[in-house]
1. Scan 185, 235 and give me the residue that is surrounded by fewer than 22 Cβ atoms within 10 Å (Cβ to Cβ) and either touching a residue at least 60 places away in the same chain (Cβ under 8 Å) or within 14 Å of the ligand (Cβ to nearest atom) (or both).
2. Out of the residues in the range 179-203 that are in contact with a helix residue (DSSP H, G or I) (Cβ under 6 Å, 6 or more places away or on another chain), assigned to a loop (DSSP other than H, G, I, E, B) and at pLDDT 95 or above, state the one that is farthest from residue 232 (Cα to Cα).
3. So in the range 140-157, with the set limited to residues that are buried (at least 24 other Cβ atoms within 10 Å of the Cβ) and in contact with a strand residue (DSSP E or B) (Cβ under 7 Å, 6 or more places away or on another chain), which one is farthest from residue 192 (Cα to Cα)?
4. Of everything in the range 112-138 that's over 19 Å from residue 224 (Cα atoms) and at pLDDT 95 or above, which residue is nearest to the ligand (Cβ to nearest atom)?
5. Answer with yes or no whether residue 15 is surrounded by fewer than 21 Cβ atoms within 10 Å (Cβ to Cβ) and either farther than 19 Å from residue 261 by Cα or at pLDDT below 95 (or both).
6. When you scan the range 24-46, how many residues do you find that are in a loop (DSSP other than H, G, I, E, B) and surrounded by fewer than 19 Cβ atoms within 10 Å (Cβ to Cβ)?
7. Within the range 78-118, count every residue that is out of contact with any strand residue (DSSP E or B) (no Cβ under 7 Å at 6 or more places or on another chain) and over 17 Å from residue 10 (Cα atoms).
8. Can you name the residue in the range 47-67 that is touching a strand residue (DSSP E or B) at 6+ places or on another chain (Cβ under 6 Å) and assigned to a loop (DSSP other than H, G, I, E, B) and is also modelled with the lowest pLDDT among such residues?
Ligand code: ATR
């Protein structure tokens, strides 16, 4: 689509931003749907984050994705925040609504929506027992997402037990759930009652692709669903173990594509062309097939 006087702008802010797959993915979608929009990468330094929202409003930017390191810091400059994003404490999508007298910048978290969509595509989540590995920012988002899905139980395992306790405590005090936590030593006890395993740690992520997986095939069973939010590489050590036992696998790449599609839906009210987005991400990552994921 040629850029002309009517072209509208979406973008992603981050530091660094060069490696982001979002511009390619979103432009593939915009092109496929024939929309006169362009999606640009914006390299925004930490010191400039306070000017970002006013600057975007002044330039009539329609929507932004937010990536590392701005997902938390941007919140204080927003006019409104979606309740789930507020609970999570992180925003990855900003929608700008232009009204005659004032413009509203509202924050959302579509990482969580993307993760839940990727999971629900492969399994019912309702009433399931979920084991979450890790207690960092990604775990926080996923756990809050799970509390909105009527799962039966959530257990967090983390190397640093205090961090697991803090996260479990936060969720327990702000939702209807009593979240369990433990350290990795006791993993086998928890695995007996687990339907869904979600890895939110960077274990196995490029360049550390030969990291020892946190769980081996012998500890899993074929009825489990194993979701790794890491998608570089597509098939992590954990997902390789899941394949050995015949468990259902969910890739972080699906989560990435779906978070983008959810952002696009918030900005435009339209459904994204998921196939075009997947094709673009696969091409960028040198992946030929998403079969099995
Ligand atoms: P993110 O925002 O991506 O979640 P983070 O907040 O730094 O990143 O959290 C990373 C999570 O991965 C933490 O739970 C971390 O465990 P600790 O709290 O014990 O540090 C976990 N993690 C990172 N490297 C790990 C490893 N090699 N083995 C196990 N857990 C690891």
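1. On the way: 235 fails: either touching a residue at least 60 places away in the same chain (Cβ under 8 Å) or within 14 Å of the ligand (Cβ to nearest atom) (or both).
Of the residues listed, the single one that is surrounded by fewer than 22 Cβ atoms within 10 Å (Cβ to Cβ) and either touching a residue at least 60 places away in the same chain (Cβ under 8 Å) or within 14 Å of the ligand (Cβ to nearest atom) (or both) is 185.
2. 179
3. 142
4. So the first thing to find is which residues in the range 112-138 are over 19 Å from residue 224 (Cα atoms), and the list is 112-114, 135-138.
Restricting the remaining residues to those that are at pLDDT 95 or above gives 112-114, 135.
Values: 112: 13, 113: 17, 114: 15, 135: 4 Å.
Across the range 112-138, the extreme among qualifying residues is 135.
5. On the way: surrounded by fewer than 21 Cβ atoms within 10 Å (Cβ to Cβ): yes; either farther than 19 Å from residue 261 by Cα or at pLDDT below 95 (or both): yes.
It is true that residue 15 is surrounded by fewer than 21 Cβ atoms within 10 Å (Cβ to Cβ) and either farther than 19 Å from residue 261 by Cα or at pLDDT below 95 (or both).
6. Quick first cut of the range 24-46, residues in a loop (DSSP other than H, G, I, E, B) only: 34-36, 44-45.
With surrounded by fewer than 19 Cβ atoms within 10 Å (Cβ to Cβ) added as a condition, the list becomes 34-36, 45.
Result for the range 24-46: 4.
7. Looking only at that region, the number is 18.
8. Applying the filter and picking the extreme gives 67.
The values are calculated or read from the model by the stated rules, or taken from the named source; none is laboratory data. All figures in this text were calculated on a predicted structure; none of them were measured in a lab. A quick note on method: Cβ atoms are made from the backbone with ideal geometry, for glycine too, and the neighbour counts reach across all protein chains shown.
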